[in-house]
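**Student:** Sending over a structure as structure tokens; questions will come in a sec.
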Amino acid sequence: MPSRSQPFDVLVVGGGPAGIAAAVSAASRGVTVGLLDDNLTVGGQIWRGEEKNATRPESRDWFEKLRSSNVQLIAQARVFQQPMPGMLLADTPAEVVELQYANLVLATGARERFLPFPGWTLPNVMGAGGLQALVKSGLPIAGKSVVVAGTGPLLLAVARYLRKQGAEIRLIAEQASRRKLIRFAANLLHQPGKLAQALELGRYLRAVRFAPNSWPMAAQGKDELESVTLSVDGSPETIACDYLACGFHLVPNTELASLLGCELKHGYVSVDETQATSIGSVFCAGEPTGIGGVELALIEGQIAGLAASKQRLPARLLRDRDKLKRFVVLLDETFQLRTELRSLGQPENIVCRCEDVPLAQVRRYTSWRAAKLHTRCGMGPCQGRICGPATEFLFKWRPDSVRPPIFPTGLEALATTPGQYQIVTGGEQ
Amino acid sequence: MSMPDRLTITIDGVPLSVAPGTTVAAAVMIAGKFCRNSVTGERRGPLCGMGICFECRMSINGLPHSRTCQVLCENGMEVRTDA
């Protein structure tokens, strides 16, 4: 007798800390849970490589919980379409898979914001998290010189990691003002669990050169990066280096939430007390609801997982979440981009790296939509994930509504109708 | 079964030995090569490291536009840059 496939009781998209916490919490009552991730393994960006070789107690704990749970892992799967409510299509290296769910948790994380400046497209000018990810996936960095620049706490974490791997950190250039950073540090002391981090960071900062009020103005090199010129606390300075690791804080990955029709506010996914979005069966946790870091992501993930599986929400979790939510505002205020960064890019500098559209062309238009239609800015394979956040800052443009497929996929995947795909299920009936 | 100490791939026909767990994007950087030529002919290397920017796309075993920061090296893999 043919068996009928069962939807997952809870399907989680994104295998970073928020997604792992959501999946483990939902599965703890024996409901069927799927955890889908587009990377090679789970862990997301912040816990990249921690699954095999945990260096932090909290990641070790959560991976342990995940391993001993009955969560079904679906790795290297990238959602590109929702053919009907309750069903997602994902591309995997082997085939397109169809996933049905009763409740969905979006834990899609964040990416770095990049801004155009002369030379930013040269090879070896990379994201700060980008360079760290490459080093974690086999790029030797010992003995190499690195300038770390941009804004946000990620810069310090990346510099510390690279230095531990033997890199020489020539400078950490943070665009935020000294005054804002001092205020940030003072506030950290009042955050639960952040004091130890702040002290550790303080020790580390004595070993490297850190400059607030500083940002990259140009990267130079013939075929690849040779040096960087920065504005260092008001004075220009050129530093030779092998790599420039440069990112301007984080932007949430909200494309899937938008595709599903979830309400967004100020660029973040709106959620209620239970992490439910404007669509009741869809929950959201972690960076897409506000850039707040790993502690908040873990708590939001637990709440979302418990709520999505109709379990009781412990008051302690809700309290901790609300306390840590203040950190989102603090991060936003501290690492808000200064207006000087709007004039780093010169007219001839490329803003859309997929289609090589220079700033001069894009600047003539008054909206993201008009610029896209007339210049092909944002029309390449990254679908505006890199130039969109840049033009959002430069011109205050807001992206249009999201249309499927939300990631490039093969024509055969688009031409197939639901029901013809490989079905990944939460069990048989 | 124990993991091999090293793997060998070819990049534009040239063999390169890498440690297991190395992604194709990292291997191409180790080889000192660029990933792709942009639409106006600029040389490009990896940027985001997380499969979003598509700057590291190359051909792997004849399959074009592979996001190489998301692919682990396997013995005998043939990688083509267009730089």
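**Student:** Looking at residue A:121, is it over 21 Å from residue B:68 (Cβ atoms), under 22 Å from the mean Cα position of the chain (by Cα), modelled with pLDDT of 95 or more and hydroxyl-bearing (Ser, Thr, Tyr)?
**Tutor:** no
**Student:** Also: Filter the stretch A:80-112 down to the residues that are within 26 Å of residue B:26 (Cα to Cα) and in contact with a Ser or Thr (Cβ under 9 Å, 6 or more places away or on another chain), then identify the one that is surrounded by the fewest Cβ atoms within 10 Å (Cβ to Cβ).
**Tutor:** Ranking the qualifying residues of the stretch A:80-112, first place goes to A:91.
**Student:** Sticking with this one: Give the residue, chosen from A:133, A:94, A:142, A:102, that is of a type in the set (A, V, I, L, M, F, W, C), over 26 Å from residue A:167 (Cα atoms) and either in contact with a Lys or Arg (Cβ under 9 Å, 6 or more places away or on another chain) or part of a loop (DSSP other than H, G, I, E, B) (or both).
**Tutor:** Working: A:133 fails: over 26 Å from residue A:167 (Cα atoms); A:142 fails: over 26 Å from residue A:167 (Cα atoms); A:102 fails: either in contact with a Lys or Arg (Cβ under 9 Å, 6 or more places away or on another chain) or part of a loop (DSSP other than H, G, I, E, B) (or both).
Exactly one of A:133, A:94, A:142, A:102 is of a type in the set (A, V, I, L, M, F, W, C), over 26 Å from residue A:167 (Cα atoms) and either in contact with a Lys or Arg (Cβ under 9 Å, 6 or more places away or on another chain) or part of a loop (DSSP other than H, G, I, E, B) (or both), namely A:94.
**Student:** Still on this structure, I have one more. Filter the stretch B:1-27 down to residues that are among the polar types (S, T, N, Q) and facing another protein chain (nearest Cβ under 9 Å) and give me whichever is farthest from residue B:81 (Cα to Cα).
**Tutor:** Residues of the stretch B:1-27 among the polar types (S, T, N, Q): B:2, B:8, B:10, B:17, B:22-23.
Subset that is facing another protein chain (nearest Cβ under 9 Å): B:22-23.
Details: B:22: 17, B:23: 14 Å.
Looking at residues that are among the polar types (S, T, N, Q) and facing another protein chain (nearest Cβ under 9 Å), I get B:22.
**Student:** Could you pull out the residue among B:30, B:60 that is aliphatic (A, V, I, L, M), more than 9 Å from chain A (Cβ to nearest Cβ) and either surrounded by fewer than 23 Cβ atoms within 10 Å (Cβ to Cβ) or over 9 Å from the mean Cα position of the chain (by Cα) (or both)?
**Tutor:** From the options B:30, B:60, the qualifying one is B:60.
**Student:** So which residues in the stretch B:33-57 are among the acidic types (Asp, Glu) and surrounded by fewer than 23 Cβ atoms within 10 Å (Cβ to Cβ)? If you could, list the steps in order and put the result at the bottom.
**Tutor:** To start, the set of residues in the stretch B:33-57 that are among the acidic types (Asp, Glu) comprises B:42, B:55.
The one that is among the acidic types (Asp, Glu) and surrounded by fewer than 23 Cβ atoms within 10 Å (Cβ to Cβ): B:42.
**Student:** Moving on to the next point. Of the numbered conditions (1) outside any loop (DSSP other than H, G, I, E, B); (2) under 19 Å from residue A:382 (Cβ atoms); (3) of a type outside the set (Lys, Arg); (4) touching an Asp or Glu at 6+ places or on another chain (Cβ under 7 Å), residue B:10 fails exactly one; give the number of that condition.
**Tutor:** (2)
**Student:** Does residue B:20 meet the test of being part of a loop (DSSP other than H, G, I, E, B), buried (at least 19 other Cβ atoms within 10 Å of the Cβ) and not aliphatic (A, V, I, L, M)?
**Tutor:** Numbers: part of a loop (DSSP other than H, G, I, E, B): yes; buried (at least 19 other Cβ atoms within 10 Å of the Cβ): no; not aliphatic (A, V, I, L, M): yes.
Considered against the rule, which asks whether it is part of a loop (DSSP other than H, G, I, E, B), buried (at least 19 other Cβ atoms within 10 Å of the Cβ) and not aliphatic (A, V, I, L, M), residue B:20 comes out as no.
One line per residue, one yes/no per condition, for (1) within 11 Å of chain B (Cβ to nearest Cβ); (2) in contact (Cβ under 8 Å) with a residue 60 or more places away in the chain; (3) over 29 Å from residue A:270 (Cβ atoms):
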site: A:118; (1), (2), (3): no, yes, yes
site: A:126; (1), (2), (3): yes, yes, yes
site: A:138; (1), (2), (3): yes, no, yes
site: A:168; (1), (2), (3): no, no, yes
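**Student:** Looking for whichever is assigned to a loop (DSSP other than H, G, I, E, B), more than 7 Å from chain A (Cβ to nearest Cβ) and closer than 25 Å to residue A:388 by Cβ here; the options are B:41, B:49. Which one fits?
**Tutor:** B:41
**Student:** Out of all the residues in the stretch A:341-358, which are away from chain B (no Cβ under 14 Å) and within 25 Å of the chain's Cα centre (by Cα)?
**Tutor:** Passing the criteria: A:341, A:342, A:344, A:345.
**Student:** Here's a follow-up. Specify the residue that is surrounded by the most Cβ atoms within 10 Å (Cβ to Cβ); the eligible residues are those in the stretch A:356-373 that are over 18 Å from residue A:403 (Cβ atoms) and in contact (Cβ under 8 Å) with a residue 12 or more places away in the chain. Don't jump to the end; show me each part of the working.
**Tutor:** Residues of the stretch A:356-373 that are over 18 Å from residue A:403 (Cβ atoms), as a first pass: A:356-366.
If we keep only those that are in contact (Cβ under 8 Å) with a residue 12 or more places away in the chain too, we end up with A:357, A:359-363.
On the way: A:357: 24, A:359: 20, A:360: 14, A:361: 17, A:362: 28, A:363: 16.
Among those residues, the one meeting the criterion is A:362.
The values are calculated or read from the model by the stated rules, or taken from the named source; none is laboratory data. Since this is a predicted model, take the numbers as computed values, not measurements. Neighbour counts are summed over all protein chains in view; Cβ atoms, including those assigned to glycine, are modelled from backbone coordinates with ideal geometry.
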